[in-house]
Amino acid sequence: MRNRSRCVLANTIFFGDSMTQAIGEYGFLDMTNIVYQRSATIDVLITKIPEVAATLPKQVVIFTGLNDCNHYTEIADYRRDYVTMLQQLKAYIPGVKIIVSSLLSPSDALGQVRADLVRAPQFDQELRSICQENDVTYVDSTWIVRQKNYLDDGIHMNRTFYRVWFRYLKALLGISNDLRGELLQFTDTTIFAV
């Protein structure tokens with residue numbers, strides 16, 4: 001099964017900011033499958049599309065953090081740029097399957113002191129709509145988040161979050177049977193069973 005997963009992932013690029021970078025840093029995927037820019041907003045990621053296209057992926061998985069919440073004062077501008085990014089990905093890579101992972105809210109503690117980040121659920125709802133309207137797969141990853149999975153900055157996630165997220169994503173993409181008949185223990189509570 002491991003060889004099959006590597007073969008399929010060889011045709012998949014993970015694209016985003018530091019949320020995507022962590023996939024490689026935690027060792028879930030080789031960095032050759034990752035195109036990222038730390039602290040990037042959607043308008044910046046648009047400039048990296050040629051780099052993504054040069055790898056000739058069959059699938060692109062987009063996972064970004066909360067940089068857009070303080071960059072865009074109007075959600076309509078975020079929508080405009082996100083739609084542009086999706087359209088450009090499709091134009092540069094005909095037939096590509098695009099998968100978008102949901103935005104994750106900040107930790108409760110950070111959300112209380114950073115008013116700009118309180119808008120994360122609104123941005124995520126907009127992201128869900130953008131995906132539906134543009135025939136793009138939206139993956140709700142919010143069910144995985146537990147307060148104890150945040151790093152000290154209140155935005156980024158620990159390895160435990162990524163372990164569950166990556167296995168969940170692979171199962172959704174039909175890459176792995178790792179979850180079949182198994183209970184995933186994430187905290188003290190079972191959060192996903194197949």
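Counting Lys and Arg as +1 and Asp and Glu as -1, each charge on the Cβ, what is the dipole of region 75-168 about the Cα centre in debye, to the nearest 20? Numbers along the way, then the final one.
Numbers: 12 positive and 11 negative charges, 78 e Å.
Taking the Cα centre of region 75-168 as origin, the dipole is about 380 debye.
Extension gain for Asn158 to Leu172 (0.36 nm times residue separation, less C-alpha to C-alpha distance): 2.9 nm. Here region 3-141 is assigned +1 on the Cβ of each Lys and Arg and -1 on the Cβ of each Asp and Glu. Its dipole about the Cα centre then comes out at about 500 debye. Classification of region 93-165 by its C-alpha gyration tensor yields an oblate form. The axis ratio a/c (a ≥ b ≥ c) is 1.5 or more, and b/c is at least a/b.
Modelled label positions at Asp140 and Ile75, each set 7 Å beyond Cα in the direction of Cβ, lie 1.6 nm from each other. Determine the distance separating the Cα centre of region 76-104 from the Cα centre of region 35-54; give it in Å without decimals. Rounded to whole Å, the Cα centres lie 11 Å apart.
Just to verify a number: FRET efficiency for Val83 and Lys48, C-beta to C-beta distance, R0 = 25 Å, to 0.05?
Working: r = 17 Å, r/R0 = 0.67.
Using R0 = 25 Å, I get an efficiency of 0.90.
In the context of the full protein assembly, His156 retains an accessible surface of approximately 50 Å², using a probe radius of 1.4 Å and ignoring ligands and nucleic acids.
How would you classify the chain from its alpha-carbon gyration tensor, with a ≥ b ≥ c the square roots of the eigenvalues: rounded for a/c under 1.5, else prolate if a/b is greater than b/c, otherwise oblate?
Taking the square roots of the gyration eigenvalues as a ≥ b ≥ c, the chain is oblate.
Using a cutoff of 8 angstrom between alpha carbon atoms and counting only pairs six or more residues apart, the relative contact order for region 1-128 works out to 25 percent.
Restricting region 73-174 to GluC sites (Glu not before Pro) that sit in a DSSP loop and have at most 14 other Cβ atoms within 10 Å of their own Cβ leaves Glu74.
Only helices at least 18 Å long along their axis, Cα-based, and averaging -0.5 or more on Kyte-Doolittle count here, so list those DSSP H runs from the chain. Walk me through the numbers before you get to the answer.
Working: long enough: 75-92 (25 Å, -0.54); 120-133 (20 Å, -0.89); 159-172 (19 Å, -0.17).
Span-like helices, by this rule, are 159-172.
Once the C-beta distance of Asp30 and Asp116 is scaled by a Förster radius of 35 Å, the resulting FRET efficiency is 0.55 to the nearest 0.05.
Where the accessible area of the chain is counted over protein heavy atoms with a 1.4 Å probe, how much of it, in %, is carbon and sulfur? Present the calculation step by step, with values, prior to reporting the outcome.
Values: 4500 of 9290 Å².
Looking at the chain in its full context, I get 48 percent from C and S.
Each of Ser102, Ala22, Ile34 was placed along the dipole of region 1-126 (beta-carbon charges, centred on the mean Cα), and the one lying farthest toward the positive end is Ile34.
Between the listed residues Val139, Val113, Leu173, the Cα displaced farthest toward the positive end of the dipole of the chain, a dipole computed from Cβ unit charges relative to the Cα centre, is found at Leu173.
The values are calculated or read from the model by the stated rules, or taken from the named source; none is laboratory data. Owing to the predicted nature of the structure, the values given are computational and were not obtained by experimental measurement. Using ideal geometry, Cβ is built from the backbone for each residue, glycine included, and neighbour counts are taken over all protein chains shown. What goes into the accessible areas is simple: the full protein's heavy atoms, side chains included, and nothing from ligands, DNA or RNA. Shrake-Rupley method; radii C 1.70, N 1.55, O 1.52, S 1.80 Å.
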